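The values are calculated or read from the model by the stated rules, or taken from the named source; none is laboratory data. Because the structure is a prediction, the values reported are computed rather than measured. Note that each Cβ is placed from the backbone with ideal geometry, even for glycine, and that neighbours are counted across all protein chains shown. Calculation scope for accessible area: heavy atoms of the full protein, side chains included, ligands and nucleic acids excluded. Shrake-Rupley method; radii C 1.70, N 1.55, O 1.52, S 1.80 Å.
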Amino acid sequence: MKDLDWSNLSFGYRPTDYNVRCYYRDGKWGEIEVCSDEYIKMHMAATCLHYGQEAFEGLKAYRCPDGKVRVFRVDENAARLQSTCRGILMPEVSTELFTEMVKKVVRLNQEYIPTYESGATLYIRPLLIGMSAQVGVHPAKEYLFIIFVTPVGPYFKGGFSTNPYVIVRDFDRSAPLGTGKYKVGGNYAASLYANNMAHEKGYACEFYLDAKEKKYIDECGAANFFGIKNNTYVTPESTSILPSITNKSLMQVAEDLGMKVERRPIPEEELDTFEEAGACGTAAVISPISYIDDLDNGKRYTFSADGQPGPVSKKLYDTLRGIQYGTIEDKHGWTTVVIE
């Protein structure tokens, strides 16, 4: 293993030795290539640069206490990328090709997989971009699928601790019939201004209401929302929300723990009724919410009186992390051993 300060890694990019690439040309995918160059050579008229024809994914590799290295629900990431490909007219990457490239890039960079004790992980970033040189607005004919990895620490500096959020009404992350359900860079570009504004006001992240009526909970920045009340896990249902694999997994874990699960529209006023609330996604797993401020009406929705994560959120977090690290039985077959 590389001699890095694993326990103090930030959630940022750090170079590793290799990435893997595959080109789509003449209507088919080519061979997997191993590359040590961090840069991509592309034409200045590439469609990804002008018309946003690009998609990405995010997943992690975990060095487990039994010595094995596992990845989590890689087939779900492949399926979500395929959905995005259909949505913005890119050639689909098969689950087999996606999985093979994930395994290869993790094995090639195994010296960068953080130690189990550090709480850090190897972040895996698949990226699909349109490469054709053209100025007309239509799909590219050539594409590059690339996967790189980088060791990362917790997404939020405090790790599993509560964070404050603020409702924003002057900005929309995505529209109900737009690209919100696809993992494309444009959705994240659309959130940068509001996110920066939230940070300037002292909040960890911005909190979106639905774009159409401004009545219902949408997303917590780039993460899905969930609320806990009456032994029930409640999460929004909306065509503008990215289907989080972490959220999907937490819904199943909640059921396994004997909880009810509801996926439905959640009006803002219902925030008052939740005992606990959190944001969930690959990067942070769960980021418990301490409170959400609605500055327009002076309302504060509080979910943690003492600033500590709630017991249900902690149980969900510990259970999912245990499955990811192989310390809790993986009865749903979610993990894939990449290195024995």
Q) Any residue at all in the stretch 113-120 that is of a type in the set (Phe, Trp, Tyr) and closer than 22 Å to Leu242 by Cα? A) no
Q: Return only the number of the condition from (1) open to solvent by 40 Å² or more (accessible area, probe 1.4 Å); (2) part of a loop (DSSP other than H, G, I, E, B); (3) out of contact with any Cys (no Cβ under 6 Å at 6 or more places or on another chain) that Glu92 does not satisfy.
A: (3)
(Q) Among the residues of the stretch 175-227, what is the count of those that are assigned to a helix (DSSP H, G or I) and of a type outside the set (S, T, N, Q)? (A) 11
Q) Is at least one residue of the stretch 79-87 open to solvent by 10 Å² or more (accessible area, probe 1.4 Å) and β-branched (Val, Ile, Thr)? A) no
Q: Keeping to the stretch 111-161, report how many residues are basic (Lys, Arg), farther than 23 Å from Thr16 by Cβ and assigned to a strand (DSSP E or B).
A: 0
Q: Please name all residue pairs, on different chains or six or more residues apart, with Cβ atoms under 7 Å, provided the first residue is in the stretch 65-81 and is farther than 14 Å from Val93 by Cβ and aliphatic (A, V, I, L, M) and the second residue is modelled with pLDDT of 95 or more and part of a helix (DSSP H, G or I).
A: Val69/Val106; Val69/Gln110; Val71/Val102; Val71/Val106
Q: Filter the stretch 43-74 down to residues that are aromatic (Phe, Trp, Tyr) and in a strand (DSSP E or B) and give me whichever is nearest to the chain's Cα centre (by Cα).
A: Phe56
Q. Out of (1) in contact with a helix residue (DSSP H, G or I) (Cβ under 7 Å, 6 or more places away or on another chain); (2) surrounded by fewer than 21 Cβ atoms within 10 Å (Cβ to Cβ), the odd one out for Arg173 is which?
A. (2)
Q: Test Arg21 against the criterion of being under 25 Å from the mean Cα position of the chain (by Cα), basic (Lys, Arg) and part of a loop (DSSP other than H, G, I, E, B), and give yes or no.
A: no
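Residue-wise test of (1) in contact (Cβ under 8 Å) with a residue 24 or more places away in the chain; (2) open to solvent by less than 60 Å² (accessible area, probe 1.4 Å); (3) more than 19 Å from Arg80 (Cβ to Cβ); (4) under 16 Å from the mean Cα position of the chain (by Cα).
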| residue | (1), (2), (3), (4) |
| --- | --- |
| Gly130 | yes, yes, no, no |
| Val137 | yes, no, yes, no |
| Phe156 | yes, yes, yes, yes |
| Asn163 | yes, yes, yes, no |
| Ile167 | yes, yes, yes, no |
| Gly178 | yes, yes, no, no |
| Lys183 | yes, yes, no, yes |
| Tyr208 | yes, yes, yes, no |
| Lys214 | yes, yes, yes, no |
**Q.** Residue satisfying condition, being within 23 Å of the chain's Cα centre (by Cα) and aromatic (Phe, Trp, Tyr), within set Phe274, Phe225
**A.** Phe225
Q | Flag for Ser36 being closer than 16 Å to Tyr112 by Cβ and modelled with pLDDT under 95 | A | no
Q: Being farther than 23 Å from Ala222 by Cβ and in contact with a Gly (Cβ under 7 Å, 6 or more places away or on another chain) is the filter here, so list the residues in the stretch 285-334 that pass it.
A: Ile328
Q) Which of the residues that make up the stretch 259-275 are touching a Lys or Arg at 6+ places or on another chain (Cβ under 8 Å) and either under 19 Å from Ser290 (Cβ atoms) or polar (S, T, N, Q) (or both)? A) Glu268, Thr273, Phe274, Glu275
Q) So which strands (runs of 3 or more DSSP E) are wholly in the stretch 228-318 and hold at least 2 residues that are closer than 26 Å to Lys201 by Cα and open to solvent by less than 60 Å² (accessible area, probe 1.4 Å)? A) 276-281, 285-294
Q. Which one of Gly322, Gly298 is over 25 Å from Ile167 (Cβ atoms) and either in contact with a strand residue (DSSP E or B) (Cβ under 8 Å, 6 or more places away or on another chain) or not acidic (Asp, Glu) (or both)?
A. Gly322
Q. Identify, please: which residue in the stretch 7-52 is touching a Gly at 6+ places or on another chain (Cβ under 8 Å) and over 26 Å from Gly186 (Cβ atoms) and is, among those, least open to solvent (accessible area, probe 1.4 Å)?
A. Leu9
